[in-house]
Structures are given as C-alpha cells and as structure tokens.
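Student: Here it is, the structure in full.
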Amino acid sequence: RAVIDALSRWPVRVMFADEVGLGKTFEVAATVAFMKKYYGVRKVVILTPKSVLAQWQTELFQHFGITAWLYDSEKKSYIDPLGHMRTISNGFVLSETTPDTVLLSTQYARGNKNQGSIFNRADVVLPDLLVVDEAHAARVSKGLDGAPHKTQAYAMLEEISGKIPHIILATATPMQK
C-alpha cells in the first residue's frame, strides 16, 4: 500500500516512516525499481549512513536486480555489488560518467562547514531521484539560545530539493525528531 501511495504522486516526494524493522528499505527499493522500470527515472542517488551502505547495495541487488554502485571516498572509486571497481575519471562524484544508481554516505555528501555539499558544484549532474535514508538527521532544532539551528544534512536538502524532481525520505524516528 505504501509503495502504491508513493507512486500515485507526481513528482514522487514522500516519506516512508515506520518503526525499525518494518520494511522501509524494501518499500523504498520497490518504489525505486518501479520508477526506474516504468517512469523513466535514470539517475538515482541514495544517501545513507556509511554503516549501512553495503546492506543497501546487497538488498537492492539481491531483491530488486538493481546494480547500485557504492562510492568509496578513500579509493575515489565506485564499487558494484560484485566487487568491480570504476575509478572516477574526472575527479568528481556526480558527473556525466557517474553510474546511473549510486550509494553515497550522507556524511560525505553533505560536506562539512569548510567545504559544502557535493551538490554545490556548478558542473554537478543532479539525479532524477534522491533517496535519503535516516532522514531524521536532516532537521531544524532549537539551540540553547532558542534560535533554530539546521543540521548540515538539512541545509543540503533545503538547497537542492527544488532542483531534483523526485525525493524519497525514510526514517524510523519521525515522532522523536
């Protein structure tokens, strides 16, 4: 039902929010697979914590037949589910030569205070679909001074959300955050 509801919107902009272990990854992956097969979505970027990048890659490949390339920032290369490596030729993560479906660490993508997000470059090739796992990390909270403070992930999404047609957020903690 959740996947059908997500696909009934255009553009697809939804949040899958369930308790831990109830299948958000499968709901998101099913939506992505359908969009790639039937909606003409080609470029997909999936942002997730580094600790679950490999899990996402395995589940996309085994259960949905999606070859997602995991970006290894230390090796400056993309790695497919079978271990094949593709080195970035132009030194930039999101370019014309980027594989169609990529997995990136949210922390890497958002950058830091000295260096902005990977989406800031003028020559960036934005995806048709952006998926953000653990989306509760992108939030605005009140600081000790009572003023609103945006996380770096929130600032990144705020900056690019108007430029990417389809966005899927997934979180297990929507009420707490």
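The values are calculated or read from the model by the stated rules, or taken from the named source; none is laboratory data. Remember, it's a predicted structure, so these values are computed and weren't measured experimentally. Here the Cβ positions follow ideal geometry from the backbone for every residue, glycine too, while neighbour counts run over all protein chains shown. Heavy atoms of the whole protein, side chains included, go into the accessibility calculation; ligands, DNA and RNA do not. Shrake-Rupley method; radii C 1.70, N 1.55, O 1.52, S 1.80 Å.
Student: If each DSSP helix of 4+ residues adds -39,500 (n - 2.57) and the sum is divided by the residues in the chain, what number results at 222 nm, nearest 500 deg cm²/dmol?
Tutor: That comes out to -7500 deg cm²/dmol.
Student: Which FRET efficiency, nearest 0.05, do Ser73 and Lys142 yield, Cβ-Cβ r, R0 25 Å?
Tutor: 0.20
Student: Here is a follow-up. Take the alpha carbon gyration tensor of region 1-55, find the square roots of its eigenvalues, order them as a ≥ b ≥ c, and report rounded if a/c is under 1.5; if not, report prolate when a/b exceeds b/c, else oblate.
Tutor: oblate
Student: Using a Gaussian network model of the chain with C-alpha springs under 10 Å, which one of Glu158, Glu96, Glu74 is most mobile by mean-square fluctuation?
Tutor: For the chain, modelled as a Gaussian network with Cα springs under 10 Å, the answer is Glu74.
Student: Right, something else. Within 12 Å, Cβ to Cβ, of Phe64, how many net charges do the neighbouring residues add up to if Lys/Arg are +1 and Asp/Glu are -1?
Tutor: Taking every Cβ under 12 Å from that of Phe64, the sum is 0.
Student: Treat every Asp and Glu Cβ in region 1-127 as -1 and every Lys and Arg Cβ as +1, leave all other atoms uncharged, and give the resulting dipole magnitude about the Cα centre to the nearest 20 debye.
Tutor: The dipole of region 1-127 has a size of about 280 debye.
Student: Additional query: Ignoring ligands, DNA and RNA, please state the percent of accessible area on the chain from carbon and sulfur, probe 1.4 Å.
Tutor: With neighbouring chains kept in place, the figure for the chain is 52 percent.
Student: Work through the residues other than Met85 whose Cβ is under 9 Å from its Cβ and net out their charges, Lys, Arg +1 and Asp, Glu -1.
Tutor: It works out to a net charge of 0.
Student: By DSSP, what percent of the beta bridges with both residues in region 8-114 are antiparallel, rounded to the nearest 5?
Tutor: If we restrict to bridges inside region 8-114, about 45 percent are antiparallel.
Student: Quick check: Cα centre of region 61-88 to Cα centre of region 41-60, how many Å?
Tutor: 9 Å
Student: Further question on the same structure: Tally Lys and Arg at +1 and Asp and Glu at -1 over the other residues with C-beta under 11 Å from the C-beta of Lys43: what net charge comes out?
Tutor: Taking every other residue near Lys43 into account, the sum is -1.
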